[in-house]
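This report refers to the structure that appears directly beneath it.
Readers should treat all values here as calculations from the given coordinates under stated rules, not as data from a laboratory. These numbers come from a predicted model, not from an experiment. Here the Cβ is made from the backbone with ideal geometry for all residues, glycine too, and neighbour counts use every protein chain on show.
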Amino acid sequence: QSVLTQPPSASGTPGQRVTISCSGSSSNIGSNYVYWYQQLPGTAPKLLIYRNNQRPSGVPDRFSGSKSGTSASLAISGLRSEDEADYYCAAWDDSLSVMFGGGTKLTVL
Amino acid sequence: QITLKESGPTLVKPTQTLTLTCTFSGFSLSTSGVGVGWIRQPPGKALEWLALIYWNDDKRYSPSLKSRLTITKDTSKNQVVLTMTNMDPVDTATYYCARVTIFGVVIILFDYWGQGTLVTVSS
C-alpha cells in the first residue's frame, strides 16, 4: 500500500478539465515538494510537474500542479485522447526517502 | 542528449542475488548535484522507489528494502549498479533507473528515465 493516496481511476471527455488528487502527510507532502509523472501504456514514466507546479520544457501548459497542506493536485485542461495514461504523484519524505502514490488511471471517454 | 539504459538478467531464481546496471550518457555522476535512482514496477502495479546515489557518494535506500539493497557507482564508466539479495517471486517487476538533478534548492526528481528492464523471479 502506497504512502501517498491517489484515486485509482479518473475520466473525462475531450476538452474537459480533469483533476487528480494526491494525499499525504506532514512528513512528506506537507513539508516537501510534489512531483507528477505520466506513464503512457507500455512506456517509462515521464516527468510532468516538479516542485509542486513547475513544468519541464516541452510539457504543455494544459498540465498544472498545485499543493495545499498535505495534499496536491494535478489538473489537465483541454483533455485529449493522448492524455489517456497512468499518473503518479511523488514526494520526498523527511527521512530523505522517495514516496510514490498508487497511481491514477485516466480514461478519456 | 541524455539517455539511461538498464541491463541485467531477465530471469533469476528465488534466493538468488539480482545485479542490475544502469548505463547513462549525456551527464556525469561526478558533477555536483547529480544523482541516479532505481524504481521498480510490478506488472499492473504502482511505481516503487528503491535506492538513490548522488555525485558525492551519498546513498539512500527504501526503508522496507534497505537490508537487501546495495547501490554503487562507477563514474569512469558512467554506470550505476544495484544489487538486490534474496530475490523472491514478488520481486518480479520492471526495473527503471532515472536521473535526479539538484540546482541549489531546486530538486528535480527523476527527470530522465531508462526504458526499463523486466526481471522475472521464478524457479
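The mean sequence distance of close C-alpha pairs (under 8 Å, at least 6 residues apart), as a share of the length of chain A, puts its relative contact order at 39 percent. If you count Lys pairs in chain B whose Cα atoms are under 26 Å apart, skipping same-chain pairs closer than 8 places in sequence, the total is 14. Using alpha carbon centroids, what distance separates segment B:1-43 and segment A:56-97, in Å? Centre-to-centre distance over Cα atoms comes out at 24 Å.
Give the aspartates and glutamates whose C-alpha is closer than 16 Å to that of A:K105, dropping any in the same chain fewer than 8 places away, or say none. Straight-distance partners of A:K105: A:E82, A:D83, A:E84, A:D86. Computed from the mean reciprocal separation of all distinct C-alpha pairs, what Kirkwood hydrodynamic radius does the protein assembly as shown have, in Å? One over the average 1/r among Cα pairs gives 18.0 Å for the protein assembly as shown.
Amide H contacts of B:G116: B:E6, B:C97, each under 5 Å away and 5 or more positions distant or on a separate chain (H built 1.01 Å from N in the peptide plane; Pro and chain starts excluded). For chain B, the relative contact order comes to 35 percent (Cα pairs under 8 Å, sequence separation of at least 6).
Kindly list the residues of segment B:5-44 that lie in the label zone of B:S123, defined by a backbone N under 20 Å from the point 7 Å along the Cα-to-C-beta vector. Residues B:10-18 fall inside that zone. Across segment A:34-44, rounded Karplus estimates of 3J(HN,Hα) from the backbone phi angles (6.51 cos²θ - 1.76 cosθ + 1.60, θ = phi - 60°) give 10, 10, 10, 10, 10, 10, 6, x, x, 10, 6 Hz, Gly and Pro being marked x.
With a Förster radius of 30 Å applied to the C-beta separation of B:Q115 and A:D94, the computed FRET efficiency comes to 0.40. If you take all other residues with their beta carbon under 12 Å from the beta carbon of A:N28, and give Lys and Arg +1 and Asp and Glu -1, the sum is -1. For the protein assembly as shown, a simple Cβ point-charge model (Lys and Arg +1, Asp and Glu -1, everything else neutral) yields a dipole of about 80 debye relative to the Cα centre. A cut-off under 14 angstrom between Cβ atoms defines the neighbours of A:D61, and their net charge, with Lys, Arg +1 and Asp, Glu -1, is +3.
Amide H contacts of A:Y33: A:W92, each under 5 Å away and 5 or more positions distant or on a separate chain (H built 1.01 Å from N in the peptide plane; Pro and chain starts excluded). Residues in segment A:61-66 carry Karplus couplings, in order, of 6, 5, 9, 9, x, 8 Hz; the curve used is 6.51 cos²θ - 1.76 cosθ + 1.60 with θ = phi - 60°, and Gly or Pro positions show x. Computed from backbone phi with θ = phi - 60° and the Karplus coefficients 6.51, -1.76 and 1.60, the 3J(HN,Hα) list for segment B:24-41 is 10, 8, x, 7, 10, 7, 9, 7, 4, x, 10, x, 10, x, 10, 9, 10, 8 Hz; x is used for glycine and proline.
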